[in-house]
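The values are calculated or read from the model by the stated rules, or taken from the named source; none is laboratory data. Keep in mind that this is a model prediction, so the values were computed, not measured. A quick note on method: Cβ atoms are made from the backbone with ideal geometry, for glycine too, and the neighbour counts reach across all protein chains shown. We work out accessible area using only protein heavy atoms, side chains counted, and drop any ligands, DNA or RNA first. Shrake-Rupley method; radii C 1.70, N 1.55, O 1.52, S 1.80 Å.
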Amino acid sequence: MIQPQSVGVVVPQRAHFAEPLPLRSGGTLPEYELVYETYGELNADRSNAVLVCHALSGSHHVAGHYADAPNNAGWWDNLVGPGKPLDTRKFFVIGVNNLGGCHGSTGPISINPATGQPWGADFPFVTVEDWVAAQARLADRLGIARFAAIVGGSLGGMQALSWSLQYPERVANAVVIASAPKLTAQNIAFNEVARQAILSDPEFYGGHYYAHGVVPTRGLKLARMVGHITYLSDDAMGDKFGRSLRHGKAIYSYDVEFEIESYLRYQGDKFAGFFDANTYLLATKALDYFDPAFEHGGNLPAALARATADFLVVSFSTDWRFSPARSREIVYALLHNQRNVSYAEIESDAGHDSFLLDEAQYHALLTAYFDRIKV
């Protein structure tokens, strides 16, 4: 056994697809590019590939760091690498920036070939199913007929689940973490508040703010602040900030007084500095639309009957955004279809963001599951 290590310096790669991609919204992307990274080596019979699907604000940069940015570690660097739960000595791991993203894959910032201008608000709606279809084309390009596993947390877990339904023959294992088979009305409501914050920003300009040389920073900041509240548990927020006052007493002002206010404003400012507002809008709508049971009259067991993969479903005890009950809906539907499914509810006080953290029990569970996969 080795000490867990980083995969080291990584280099993003690009794949261009000239074949139009039909979308569930009825639109079509005439051509597109995907940015992706890989870690480890693809074995001779191409049986050890694992696709990591990212959540709302994630990207293709899953592990390692860039030569010119040694502190920019991948968002799941604690989980992917030599000696880590998703061990790159065994697996060939792929991370992809989804269509509509703002980290290099074709999205609203990209040039619309029909106009020669950025797509902006004209970029078509994309869904989880569209992302999976695009990822499947990338897999074809890399010569991967079947994945040893597809894994993702939150919105990434929805992609793993969708893979098992759209391409059941291409998925040996689906690892669905801190996810849900569809959003609740409350979850959609949070997304709508976030979208309205962006849409009502005077610098949004109907989604064509690039042409005006501005970005709707205020709206995007507010959207992130709303979202961030849902990523943390009440206990985690209370333990970290409580009712701590910056000045030790109330000063009766709308400036920062409580430390939680400072934290949320910092997170909002940081996010608005690098993320694209149009991408945020698209990604939250993709979350809202995901509902594989919709075409089966709301019958989730019927929807999941197509899946043939083995499943690991993981939830976290204090995740109220995608609560353990939502994961158990997936488990029950799979068991109804007599699928092989393992389920674990991890005790954690960190809320929804637990899937990104170094929870010992969580990582031990993933290590044990990935160890049992034969490649």
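Hey, if you put +1 on the Cβ of every Lys and Arg and -1 on every Asp and Glu Cβ in the chain, which of PHE241, ALA180, HIS352 ends up farthest toward the positive end of that dipole? With unit charges placed on the Cβ atoms, the residue in question is ALA180. Each of GLU295 and GLN361 was given a label point 7 Å from its Cα along the Cα-to-Cβ line. The distance between the two points is 3.8 nm.
If you rank TRP131, TRP320 by how much accessible surface each has, with a 1.4 Å probe, what is the order from largest down? Present the calculation step by step, with values, prior to reporting the outcome.
Details: TRP131 10, TRP320 95 Å².
Order by accessible area, largest first: TRP320, TRP131.
How much net charge surrounds LEU334 when only other residues with a Cβ under 12 Å from its Cβ are counted (Lys, Arg +1; Asp, Glu -1)?
Details: positive: ARG306, ARG328, ARG339; negative: ASP310, GLU329.
Neighbourhood net charge equals +1.
Taking all protein chains as they are arranged and a probe of 1.4 Å, the heavy atoms of HIS352 leave approximately 10 Å² accessible to solvent. With the whole protein complex present, ASP269 retains an accessible surface near 80 Å², based on a 1.4 Å probe.
What dipole magnitude, in Debye to the nearest 20, does segment 173-265 give about its Cα centre under +1 on Lys/Arg Cβ and -1 on Asp/Glu Cβ? List each step's numbers first, then the result.
On the way: 10 positive and 10 negative charges, 19 e Å.
So the dipole magnitude of segment 173-265 works out to roughly 100 debye.
In a reduced charge model with +1 at each Lys and Arg Cβ and -1 at each Asp and Glu Cβ, the chain shows a dipole moment near 400 debye about its Cα centre.
Ordering 251-260, 21-30 by mean Cβ neighbour count within 10 Å, with the highest value first, yields 21-30, 251-260. Residue by residue, segment 108-115 carries 3J(HN,Hα) couplings of x, 6, 5, 7, 6, x, 6, 10 Hz when phi is fed to the Karplus relation 6.51 cos²θ - 1.76 cosθ + 1.60 (θ = phi - 60°); x denotes Gly or Pro.
Going by accessible surface with a 1.4 Å probe and the largest first, LEU245, LEU79 read LEU245, LEU79. Each Lys and Arg adds +1 at its Cβ and each Asp and Glu adds -1 at its Cβ; summed about the Cα centre, segment 1-66 shows a dipole of about 140 debye.
To the nearest 10 Å², what's THR217's accessible area with a 1.4 Å probe? Its accessible surface works out to 60 Å², give or take rounding. The alpha-carbon positions of segment 47-138 define a convex hull whose volume is 129 Å³ per residue. Work out the charge dipole of the chain with +1 on the Cβ of Lys and Arg and -1 on the Cβ of Asp and Glu about the Cα centre, then indicate which of ALA211, PRO22, THR127 is farthest towards its positive end. Checked the options; the winner is PRO22. Once the Cα-Cα distance is subtracted from the 0.36 nm per residue extended length, the LYS270 to ILE229 segment shows a gain of 13.2 nm.
Over 5 Å intervals from 0, what percent of Cα-Cα pairs in segment 1-52 sits in each interval? Pair shares across the bins are 4, 13, 14, 17, 19, 13, 9, 5, 3, 2, 0. For the chain, with the dipole built from +1 on Lys and Arg beta-carbon atoms and -1 on Asp and Glu ones, taken about the Cα centre, which of GLY95, SER200, ASN43 lies farthest toward the positive end? Positive-most Cα among the choices belongs to ASN43. Residues MET158, MET225, ordered by accessible area of protein heavy atoms at a 1.4 angstrom probe radius and largest first, appear as MET225, MET158.
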